[in-house]
Amino acid sequence: MSTSCLQDSARKRLQVIADFQFGSGAGHALFPEGCEVILSRTGRVRQISLSGNRLATVRAKDGRLTLGIEGGIRLLSVLSPPAYRVTVTGDVAEFIRKGKNTFAKHVIAADPEIRAGDEVMVVDDQDLLLATGSALLSGEEMLLFNYGVAVKVRQGR
């Protein structure tokens, strides 16, 4: 099997994972033609990039995707609000852009379908991507709590 066939097969598999994790249509938006698949030493898909920019990484422990900034931008374009979004106040946007964690007291809106452990996108009130990360609280808890980390930011923009 040629490298391009291997890459194409891996891309299709990743599209199915993305559709499962983020909803129908997310896979095609997240992983278009021309994606490069980076394999681990054991031959498993580890990272997916496009033009040198990381779109996503496959977590070894559970096979789910973690988003890079480019992947978050692509996902925002196809998922209508509030899907997988955590909206924060404008006064903390710059800190989150630098990769700082998102605290519950700064969250002004969150997708009620978010569960702890989900991969989410932190946005400002204009729906511009600030960061990607892992939710530590559910969407409802983010709005109810006045303290604690709501999103562990993995990468800021």
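Read-outs: derived from the displayed coordinates by stated rules, not from any lab. Values in this document were obtained by computation on a predicted structure and should not be read as measured data. Cβ coordinates were reconstructed from backbone atoms using ideal geometry, including for glycine residues, and neighbour counts include every protein chain displayed.
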Review point. Of the residues that make up region 13-23, is at least one within 15 Å of the chain's Cα centre (by Cα), buried (at least 16 other Cβ atoms within 10 Å of the Cβ) and closer than 25 Å to ASP125 by Cβ?
Key: yes
Point to revise | Filtered residues of region 102-133 (kept if part of a strand (DSSP E or B), surrounded by fewer than 21 Cβ atoms within 10 Å (Cβ to Cβ) and small (Gly, Ala, Ser)) | key: ALA109
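How many residues, within region 134-150, are surrounded by 15 or more Cβ atoms within 10 Å (Cβ to Cβ), of a type outside the set (S, T, N, Q) and within 19 Å of ILE96 (Cα to Cα)? Give the steps one after another, and end with the answer.
Of the residues in region 134-150, the ones surrounded by 15 or more Cβ atoms within 10 Å (Cβ to Cβ) are 134-139, 141-143, 145, 149-150.
In the following step, the residues that additionally are of a type outside the set (S, T, N, Q) were identified as 135-137, 139, 141-143, 145, 149-150.
Of the ones still in play, those that are also within 19 Å of ILE96 (Cα to Cα) are 135-137, 139, 142-143, 145, 149-150.
Qualifying residue count for the region: 9.
Which of the residues belonging to region 6-26 are touching a helix residue (DSSP H, G or I) at 6+ places or on another chain (Cβ under 8 Å) and among the polar types (S, T, N, Q)? Walk me through how you get there before you give the answer.
Narrowing region 6-26 to residues touching a helix residue (DSSP H, G or I) at 6+ places or on another chain (Cβ under 8 Å): 14-19, 22, 25-26.
Answer for region 6-26, where residues must be touching a helix residue (DSSP H, G or I) at 6+ places or on another chain (Cβ under 8 Å) and among the polar types (S, T, N, Q): just GLN15.
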Check your understanding: Can you spot a residue in region 50-64 that is over 17 Å from GLY133 (Cα atoms) and of a type in the set (Gly, Ala, Ser)?
Key -> yes
Practice item. Would you be able to tell me the number of residues in region 49-67 that are under 13 Å from the mean Cα position of the chain (by Cα) and either among the β-branched types (Val, Ile, Thr) or over 14 Å from GLY117 (Cα atoms) (or both)? Key: 6
Point to revise | Number of positions in region 56-101 that are among the charged types (D, E, K, R) and in a strand (DSSP E or B) | key: 1
Practice item. Would you mind telling me which numbered condition in (1) surrounded by 18 or more Cβ atoms within 10 Å (Cβ to Cβ); (2) under 21 Å from GLY133 (Cβ atoms); (3) of a type outside the set (Lys, Arg) PRO82 fails? Key: (1)
